[in-house]
Amino acid sequence: MPHVAYTQENIDKCWCGQCPVQIGSRCASDLYEAAQRLEGLPAPERLGGLYCSTGHTICHDVQFVNLCNCPACLVWSENGLASNHYCAVGSAEERGR
Ligand code: SF4
Ligand code: SF4
């Protein structure tokens, strides 16, 4: 079961912020802005990214039918992941790949 660490280093590599699934999401953009104002890491469900580690998004205004950026991401290759749309299907650990 791949376990992706919830770390700033992985957050910095994550491409969720530029992903077609949530690029138009007001909810996701508000979460990103709030997370940037914090000192330290937000609670995982309040990050708005790194879903391979944190699991389902709490945002409802995302477009799950759009393409996912995960297979182009360093976190994906470094952790041997083999799935995508973790914001929809849950974390890599829950998904098992
Ligand atoms: S998990 Fe994939 S589909 Fe979801 S926001 Fe991140 S890159 Fe986009
Ligand atoms: S694999 Fe996907 S969810 Fe995980 S860090 Fe990369 S872009 Fe974000």
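Tell me which residues, restricted to the stretch 57-97, are closer than 19 Å to D12 by Cα and open to solvent by 50 Å² or more (accessible area, probe 1.4 Å).
Hits for the stretch 57-97 are P71, A72, L74, W76, S77, E78, N79, G80, N84.
Is it the case, given these coordinates, that Y32 is more than 19 Å from R97 (Cβ to Cβ), surrounded by 15 or more Cβ atoms within 10 Å (Cβ to Cβ) and of a type outside the set (G, A, S)?
Here the answer is yes, as Y32 does meet what is asked.
Pairs needed: first member in the stretch 60-85, within 24 Å of C27 (Cβ to Cβ) and at pLDDT 95 or above; second member anywhere, of a type in the set (S, T, N, Q) and assigned to a helix (DSSP H, G or I); C-beta distance under 7 Å; at least 6 residues apart or different chains.
Pairs that qualify, where the first residue is within 24 Å of C27 (Cβ to Cβ) and at pLDDT 95 or above and the partner is of a type in the set (S, T, N, Q) and assigned to a helix (DSSP H, G or I), are N69/Q18; V75/N10.
Which one of these does G55 not meet: (1) touching a His at 6+ places or on another chain (Cβ under 8 Å); (2) on the phi > 0 side of the Ramachandran plot?
(1) is the only condition that G55 fails.
Would it be correct to say that L38 is under 19 Å from Q8 (Cβ atoms) and either in contact with a Leu (Cβ under 9 Å, 6 or more places away or on another chain) or open to solvent by 50 Å² or more (accessible area, probe 1.4 Å) (or both)?
It is true that L38 is under 19 Å from Q8 (Cβ atoms) and either in contact with a Leu (Cβ under 9 Å, 6 or more places away or on another chain) or open to solvent by 50 Å² or more (accessible area, probe 1.4 Å) (or both).
So, restricting to helices (runs of 4 or more DSSP H) that lie completely within the stretch 47-97, which ones have at least 1 residues that are more than 9 Å from ligand 1 (Cβ to nearest atom) and among the hydroxyl-bearing types (S, T, Y)?
51-54, 74-78
Could you list, in sequence order, all residues of the stretch 1-46 that are outside any helix (DSSP H, G or I), within 14 Å of ligand 2 (Cβ to nearest atom) and touching a residue at least 40 places away in the same chain (Cβ under 8 Å)?
P2, H3, V4, A5, Y6, C14, W15, C19, P20, V21, Q22
The values are calculated or read from the model by the stated rules, or taken from the named source; none is laboratory data. Remember, it's a predicted structure, so these values are computed and weren't measured experimentally. So basically every Cβ, Gly included, is an ideal-geometry build from the backbone, and we count neighbours across all protein chains shown. With ligands, DNA and RNA removed, areas are computed over all heavy atoms of the protein, side chains included. Shrake-Rupley method; radii C 1.70, N 1.55, O 1.52, S 1.80 Å.
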